[in-house]
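Every number here is computed from the coordinates shown, using simple stated rules; none is lab data. Keep in mind that this is a model prediction, so the values were computed, not measured. Because the Cβ atoms are built from the backbone with ideal geometry, glycine has one as well, and the counts that use them run over all protein chains shown.
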Amino acid sequence: MNNGEMYHQHSDLQFRGGCSLMHEMLKPKRGESILDLGCGTGRLTMQLASLVGDSGRVVGVDPDPCRIAVAKEQLTKTNVDVPVVFRLGSIYEAVRFGQFDGIFSNYVFHWFERTERAEMMQKMYDCLKPGGRLTFLLEPHQPQRKFIIRDAVRLAMPTVDEEYASGMKMDPPSVWLQHCSTAGFAVELSQVVEINEVEQTLEKLLQVVEAAIPNFKSNMLQDNDLQTLKNRYKSGNGDEVVHTITLLKVSARKPLTP
Ligand SMILES: C[S@@+](CC[C@H](N)C(=O)[O-])C[C@H]1O[C@@H](n2cnc3c(N)ncnc32)[C@H](O)[C@@H]1O
């Protein structure tokens, strides 16, 4: 199974977060055009399409060829006409589709290189119609104890720089809000939420981590590493484990007049 297929199977956590972001913050309307930036295998893109309907339009872009291939395959399996196109790429490819009413981006911004963030935000601004909204969810810097990605990556790659090993560039919420303001967005709503997530077993939780973190494979962990994680993450209910995720959710708007 390649990482695209694996992510498709083990991304319920991201899917749930994305659904709440979509319904609580983006609130797509019929007829709108929406860009799903970093759409992965397109699960949420298809939800966006059902909300904008036939008169609307959704574009999903992602730079990962395995994930975009799964998204395209899923689209061909859908028998009904859905107003979606999937493209390999990022915001630079999305600009070819004209301006959008909204940009939706779920669990993506913490993957941007710090050196490219300002330009990416500026391109997102350019990609939106005046009054258009940018809605995103990311994992900010999180000092809390039960952060499975940090612990799994530290144990699996003890000699590798943690940020390099996970690939995630995590910064405090204030940094992200400043990026929005610098690009010209008016931040209308921002929330930091902490969620406790339960998985039936540690093995299942590690599959979720493996699907999300390209450099990490569960088989990099030794038996004693697995025991350390079991002790730290056990919920007290059989083999069940519990971990904590901190999320930053933001809704920002491009002003009607610059
Ligand atoms: C955790 S997945 C989220 C996928 C999807 N949004 C979801 O919620 O299921 C993060 C995605 O961000 C994509 N990504 C990484 N860097 C990106 C960039 N510079 N521009 C757009 N997408 C990017 C990755 O390829 C990956 O599919």
Compute the Kirkwood hydrodynamic radius of the stretch 54-109, taking the inverse of the mean of 1/r over all pairs of distinct Cα atoms, and give it in Å to one decimal.
-> 12.3
How big is the equivalent ellipsoid of the stretch 189-252 along its three axes, where each semi-axis is √(5λ) from the Cα gyration tensor, reported in whole Å from largest to smallest?
-> 26, 16, 9
Using the alpha-carbon atoms, what tilt in degrees (0 to 90, nearest 10) does helix 114-127 show relative to the longest principal axis of the chain?
-> 30
Per DSSP H run of n ≥ 4, the term is -39500 (n - 2.57); total these for the chain, divide by its residue number, and report the mean residue ellipticity at 222 nm rounded to 500 deg cm²/dmol.
-> -11500 deg cm²/dmol
Reduced to Cα centres, the span from the stretch 164-231 to the stretch 59-127 in Å works out to 21
May I ask you to work out the translational diffusion coefficient for the stretch 3-108 at 20 °C, viscosity 1.002 mPa s, via Stokes-Einstein with Rh from the Kirkwood sum over Cα pairs, reported in whole µm²/s?
-> 159
Which value, in nm² and rounded to one decimal, describes the direction-averaged projected area of the C-alpha convex hull of the stretch 148-208?
-> 5.9
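Give me the orientation-averaged projected area of the Cα convex hull of the stretch 37-156, in nm², one decimal.
9.3
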For the chain, max minus min Cα coordinate along each principal axis, in Å, sorted largest first?
-> 57, 43, 31
Using the Cα gyration tensor of the stretch 106-166, the equivalent ellipsoid's semi-axes, largest first and to the nearest Å, work out to 31, 14, 7
Can you tell me the 0 to 90 degree angle between the C-alpha axis of helix 173-183 and the longest principal axis of the chain, rounded to 10?
-> 20
Across the Cα atoms of the stretch 121-258, what radius of gyration and what greatest pairwise Cα-Cα distance (Dmax) are found, in Å?
-> 18.3, 59
Selection from Gly89, Ser33, Asn2, by position along the positive dipole direction of the chain (Cβ) = Ser33
Over the chain, calculate the relative contact order: mean separation of alpha carbon pairs under 8 Å at least 6 apart, over the residue count, as a percent.
-> 21
Rounded to 5, the percent of DSSP beta bridges in the chain classed as antiparallel | 50
Across the chain, how many lysine pairs, 8 or more apart or on two chains, come within less than 21 Å at their alpha-carbon atoms?
-> 23
Helix 43-52 sits at what angle to the longest principal axis of the chain, using alpha carbons and giving 0 to 90 degrees rounded to 10?
-> 30
